[in-house]
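Enquirer: Please find one structure pasted underneath; my questions will follow.
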Amino acid sequence: MNQINYPEFANDCLHDLIEKQDIFNAAYDINGYENWFYNQATGLLTFSTGDDELNFKYVEIGTFSKKSNTWKWSWDNEHTLPSVKDEAIQLKEFGAKYGYEKLTEGYFASSEEEAWEFTAIAAKLIKGIGAYRPTSEQLLIFMVLTEFVDTETAKNVKDLYVECGKHEYRRRAFVCSHLMARKKVGFEESFDTYENMELHDEDDYQAWCNECEVVRQQEDGWNEKSMEFADIRVVCEQCYFEMKEINLGYR
Ligand SMILES: [Zn+2]
Ligand SMILES: [Zn+2]
């Protein structure tokens, strides 16, 4: 790409997004749904009416505060989970390459119009299929939708997450009932884990205590008896790593 001035570039992106959005709206009637819901952990944006739902993978681009008239890029936002902002770092890199300061500064005075420009630039770089900005009072969240997700796949993804009273909505993890006491009881894992690691859908965090390990070895693995002794519980991944820390001084 040749060096072009920023206003021209931003304007081109905006025109592209408008065209893209028309195609998107024609394909998926998102305004025809009664509810919307997004989840940073799953990275899914869901539109629904009753049981009928429509899901997309999304990337959070940034937020515009109507109160302070400021823009904050998602890559600069510590409250945004990596799962929905990792791809947005491309914008910063692109900005650095072409000397577009607005793409490299994390937080600055801006306008809602400009927020759409940023979203349009993001849609181009990330190759989004459309953009969305949920209605809200003060803080406007700008998203780029990257792919349609069929209902069954979306359900399978959502099943991998649990609601935790302490940590909200997180990836599920399995532990033996003895670890629930949050005391030093030993911590055996099915594979080495670390926080925020990328986990394949078919993998699960699984840990058990020393006593469970003894029974497991006596029984030559997991069977009815060793499983009964372990009495496996479901917790969220944050709780899992808290238990790991208690036992192994991890982190
Ligand atoms: Zn145990
Ligand atoms: Zn938790």
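The values are calculated or read from the model by the stated rules, or taken from the named source; none is laboratory data. None of these values were measured; they are calculated from a predicted model. Backbone-built Cβ (ideal geometry, glycine too); neighbour counts: all protein chains shown. All accessible areas refer to the heavy atoms of the entire protein, side chains included, with ligands and DNA or RNA removed. Shrake-Rupley method; radii C 1.70, N 1.55, O 1.52, S 1.80 Å.
Enquirer: Working out 0.36 nm times the residue gap between K97 and S48, then minus their Cα-Cα distance, what length gain in nm do you get to one decimal?
Expert: This chain segment gains 13.6 nm when fully extended.
Enquirer: Suppose every K and R has +1 on its Cβ and every D and E has -1 on its Cβ; what is the size of the dipole of segment 6-154 about the Cα centre, in Debye to the nearest 20?
Expert: Computed charge dipole of segment 6-154: roughly 480 debye.
Enquirer: Sequence neighbours fewer than 8 away in the same chain don't count; with that in mind, list the lysines whose C-alpha is under 26 Å from K244.
Expert: Of all the lysines, those that pass the test against K244 - Cα under 26 Å, at least 8 places apart if same chain - are K158, K166, K183, K184, K225.
Enquirer: Also, I was wondering about something else. With angles folded into 0 to 90 degrees, how steeply does helix 237-248 sit against the dominant principal axis of the chain? Use alpha carbons for both and round to 10.
Expert: Taking the Cα atoms of the chain, the angle to 237-248 is about 50 degrees.
Enquirer: Which net charge results for the neighbourhood of Y58, defined as the other residues with beta-carbon distances under 15 angstrom from its beta-carbon, given Lys and Arg at +1 and Asp and Glu at -1?
Expert: Neighbour charge sum, excluding Y58 itself: +1.
Enquirer: Give a quick list of trypsin sites (Lys or Arg not before Pro) in segment 56-145 that DSSP marks as loop, anything other than H, G, I, E or B, with at most 15 other Cβ atoms within 10 Å.
Expert: The qualifying sites are K66, K67, K127.
Enquirer: Let me spell out the model: positive unit charges on the Cβ of Lys and Arg, negative unit charges on the Cβ of Asp and Glu, origin at the Cα centre of the chain. What dipole size does that give, in debye rounded to 20?
Expert: Dipole magnitude for the chain comes out near 820 debye.
Enquirer: Sticking with this one: Can you send over the carbon and sulfur percentage of the accessible area for the chain, probe radius 1.4 Å, protein chains only? Write down the numbers at each step before the final one.
Expert: Working: 6490 of 13850 Å².
Accessible surface attributable to carbon and sulfur in the chain totals 47 percent.
Enquirer: Return the whole-Å distance between the Cα centroid of segment 173-237 and the Cα centroid of segment 20-67.
Expert: Value for the Cα centre distance between the two parts: 36 Å.
Enquirer: GNM, the chain, Cα, under 10 Å: largest mean-square fluctuation among E224, E34, E213?
Expert: Per the Cα network of the chain with a 10 Å cutoff, E224 tops the list.
Enquirer: Considering the Cα trace of segment 160-248, what is its radius of gyration and what is Dmax, both in angstroms?
Expert: According to the Cα coordinates of segment 160-248, Rg and Dmax are 12.7, 38 Å.
Enquirer: Could you please report the charge total around T146, scoring K, R as +1 and D, E as -1 over all other residues with beta-carbon less than 10 angstrom from its beta-carbon?
Expert: Overall, the nearby charge balance is 0.
Enquirer: Excluding S74 itself, what net charge comes from residues whose Cβ is under 9 Å from its Cβ, given Lys and Arg +1 and Asp and Glu -1?
Expert: My count for the surroundings of S74 gives 0.
Enquirer: Follow-up question, since we're still on this one. Given R₀ = 35 Å, FRET efficiency for Q218-I246 by Cβ-Cβ distance, to 0.05? Walk me through the numbers on the way to the answer.
Expert: Details: r = 26 Å, r/R0 = 0.73.
Calculated value: 0.85.
Enquirer: Starting from the exponent 0.38 and prefactor 2.2 Å, build the expected Rg for the chain from its residue count and divide its actual Cα Rg by it.
Expert: Against the compact-globule rule of thumb, the ratio is 1.24.
Enquirer: Sticking with this one: For every helix of n ≥ 4 consecutive DSSP H residues, a contribution of -39,500 (n - 2.57) applies; sum these over the chain, divide by its total residues, and give [θ] at 222 nm rounded to the nearest 500 deg cm²/dmol.
Expert: That comes out to -11000 deg cm²/dmol.
Enquirer: Still on this structure, please answer the following. May I ask you to compute the full-extension gain from Q238 to E188, defined as 0.36 nm times their residue separation minus their alpha-carbon distance, rounded to one decimal in nm?
Expert: Difference between extended and current length: 16.3 nm.
Enquirer: Excluding ligands, DNA and RNA, what is the solvent-accessible area per residue of the chain at a probe of 1.4 Å, expressed in Å²?
Expert: 55
Enquirer: How far is helix 6-27 tilted, in degrees, relative to the longest principal axis of the Cα atoms in the chain, given as a value from 0 to 90 rounded to the nearest 10?
Expert: So the inclination is approximately 70 degrees.
Enquirer: Is the shape of segment 86-198 best called rounded, prolate or oblate, per the rule: a/c under 1.5 gives rounded, else a/b larger than b/c gives prolate, else oblate, with a ≥ b ≥ c the square roots of the Cα gyration tensor eigenvalues?
Expert: Prolate shape, in that a/c is at least 1.5 and a/b is the bigger ratio.
Enquirer: Give me the compactness ratio for segment 6-154, meaning the Cα radius of gyration over 2.2 N^0.38 Å.
Expert: 1.01
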